[in-house]
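*Asks:* Before anything else, here's the structure in question.
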Amino acid sequence: MSLTNNIRNTAMTAVLLVLSQPGHCQSIEELEARVDTLKRALGQAEQELAEARDSGVLLPTKAVATDGAEESTPTTNGVRLGPITLGGAVRVNYVYGDYETQDGGPSRGGEGGNVELDTFRINATLDYENLIGALEYRWYTANAGENYNFLHTGWLGYRFDDNSEVIVGLNRVPFGAGPYGISQSWFFDQHYYVGLSDDPDLGLRYSFSHSEWAFDIGYYWRSDPSFSGRSEDSARYGYDTVRWRETVESGGTVSFDDRRNGYREKNQFNARAITEIGGDRWRHRVGASLQVGELDGSGVDDGDHRAVAVHSVSERDNLTVGLQLSRYQFDVDADNSWGGDELIPFGAYDFAWPMASDAWVPAASVSYRIDTPTLPWLDYVLPYLEYSAILKGADNLNDSELFILGSGWAAGGWYIYTDLAYSNGNLFVGNRSDDFARIDGVGDWGINGNDRWNYRLNVNLGYYY
């Protein structure tokens with residue numbers, strides 16, 4: 001019996017149990033409340049099913065993942081056309097924080113805060129007998145009035161009867177504790193910005209489970225392609241090594257619109273194993289991930305890269321604690337346009353900038369889900385606290401840390417993030433004294449030249465249909 005049928009049968013059993021309870025006809029209000037409860041349970045189960053399929057984790061219990069940033073949103077039925085379901089989302093963002101201007105950098109708010117359209121996206125899923133598939137395209141607005149858009153997901157697959165499946169196309173790389181690492185926030189943690197969380201690439205992934213173990217094996221022949229934007233190679237969703245047209249002079253000045261240089265990932269292999277352990281009080285999902293691949297150089301010699309991680313997600317009732325420790329290395333030629341092998345151009349969201357080529361990435365998160373059955377306008381609240389850092393191998397690079405205190409608010413098709421981020425090395429959090437004319441003038445994931453602590457209050461309102 002398929003996982004989909006299990007969810008549907010569970011929902012039908014719950015309906016029968018509710019209707020068979022003594023005194024179930026006491027009032028219309030009581031029946032309506034019970035129906036609402038069942039609808040929420042079914043919606044949550046369908047969301048977990050979708051996340052399990054997309055992440056390649058097929059444990060018979062909840063998918064080995066936390067409901068992560070951006071995608072931990074309520075699932076509505078969408079528009080069903082036979083085996084295809086159509087949906088999408090519209091999101092608006094409010095930003096306030098350490099901002100001096102409205103120019104420069106990705107997704108920046110103006111001084112004193114501003115409201116802007118964040119994202120518009122369309123989704124389609126396929127579920128026909130053993131055939132499965134997913135498609136998602138996104139549009140974004142930029143502060144300078146230059147819009148960009150890209151394909152986020154696009155794959156087809158086959159679900160076997162032995163609790164395994166294979167998918168091919170633009171799909172999420174299996175690395176880390178789950179689809180979004182251990183993060184619950186809108187920002188994600190620092191794993192995302194170094195390409196080790198929620199990173200779609202072009203390739204093939206096989207996922208299977210046995211007993212209490214879930215396994216993923218993937219081969220990716222290249223990173224996700226760049227679509228429509230003003231950057232050379234960064235109009236994409238996932239952070240990867242990219243090609244750009246910048247050159248760093250000996251004094252640290254960045255020259256733009258030069259010849260193309262940088263890297264493109266190719267021939268990448270991924271493997272992940274996660275097991276579930278624990279008793280009646282705590283449940284732990286513990287695992288390890290591996291990633292190795294090649295780098296196709298443009299204007300520079302070819303290179304290679306590797307990453308490993310150990311991770312766990314522990315749950316007790318509504319409390320969730322996530323831990324992950326990762327190590328990555330990019331081996332590149334030191335004779336390049338950005339001045340050495342300690343940095344490598346990385347890009348997404350139509351913007352590229354050098355990242356540290358060798359680092360440890362620790363991350364921790366804690367969250368507690370509060371269901372609100374007595375509030376008809378709110379389904380649940382999910383407060384969380386997160387910390388992550390990029391601890392760089394080169395002595396001349398400042399480490400980059402990120403603290404996030406926030407909460408998610410779910411109500412029907414609405415999901416709202418309220419996050420307060422505090423960081424000394426994240427391009428999305430503040431830009432005091434940032435100087436993009438110098439390689440060492442930015443608080444980033446590379447040199448982190450100004451090494452200043454900035455804050456950002458972010459409110460993201462999204463409607464998912």
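*Asks:* What's the long-distance tail for region 192-290, i.e. % of Cα pairs beyond 16 Å?
*Replies:* Considering region 192-290, 69 percent of its Cα-Cα pairs are separated by more than 16 Å.
*Asks:* Could I ask something else about it? Hey, any idea what the orientation-averaged projected area of the convex hull of region 335-465's Cα atoms comes to, in nm²?
*Replies:* Numbers: hull surface 38.3 nm².
It is 9.6 nm².
*Asks:* Average projected area of the Cα convex hull of region 217-267, in nm²?
*Replies:* Numbers: hull surface 18.6 nm².
With the hull built on Cα positions only, its mean projection is 4.7 nm².
*Asks:* Okay, moving on. At 1.4 Å probe size, with no ligands or nucleic acids counted, give the accessible surface of Glu232 in Å², nearest ten.
*Replies:* 70 Å²
*Asks:* Which of the peptides 420-431, 279-290, 400-411, 203-214 is most tightly packed, and how do the rest follow, going by the mean number of other Cβ atoms within 10 Å of each residue?
*Replies:* Values: 420-431: 23.1, 279-290: 15.3, 400-411: 21.2, 203-214: 18.2.
Top of the packing list down: 420-431, 400-411, 203-214, 279-290.
*Asks:* In Å, the Kirkwood hydrodynamic radius of region 163-250 over pairs of distinct alpha carbons?
*Replies:* 14.7 Å
*Asks:* Here is a further query. What are the residues whose amide H is under 5 Å from the amide H of Leu427, where those residues sit 5 or more places off or on another chain and H is modelled from the backbone?
*Replies:* For Leu427, the qualifying residues are Trp445.
*Asks:* For region 239-285, what is the largest minus smallest coordinate of the Cα atoms on each principal axis, given in angstrom and ordered from greatest to least?
*Replies:* For region 239-285, the Cα extents along the three principal axes come out at 60, 27, 15 Å.
*Asks:* Let's test the formula: R0 of 51 Å, r as the Cβ-Cβ distance of Asn396 and Thr372. What FRET efficiency results, to the nearest 0.05? Before the final figure, lay out each step's value.
*Replies:* On the way: r = 50 Å, r/R0 = 0.98.
The computed FRET efficiency comes out at 0.55.
*Asks:* Packing-wise, with mean Cβ within 10 Å as the measure, how do 383-393, 88-98, 160-170 rank, highest first?
*Replies:* Values: 383-393: 21.1, 88-98: 18.4, 160-170: 16.5.
The densest-packed peptide leads the list: 383-393, 88-98, 160-170.
*Asks:* Take each of the peptides 313-319, 181-187, 342-348, 131-137, average the number of other beta-carbon atoms within 10 Å over its residues, and list them starting from the highest. Provide the component values of the computation, followed by the final result.
*Replies:* Numbers: 313-319: 15.1, 181-187: 29.0, 342-348: 24.9, 131-137: 19.3.
Sorting 313-319, 181-187, 342-348, 131-137 by mean packing, highest first, produces 181-187, 342-348, 131-137, 313-319.
The values are calculated or read from the model by the stated rules, or taken from the named source; none is laboratory data. None of the values given here were measured: they were computed from a predicted structure. Positions of Cβ are backbone-derived with ideal geometry, glycine not excepted, and every protein chain shown enters the neighbour counts. For accessibility, only protein heavy atoms count, side chains too; no ligands or nucleic acids. Shrake-Rupley method; radii C 1.70, N 1.55, O 1.52, S 1.80 Å.
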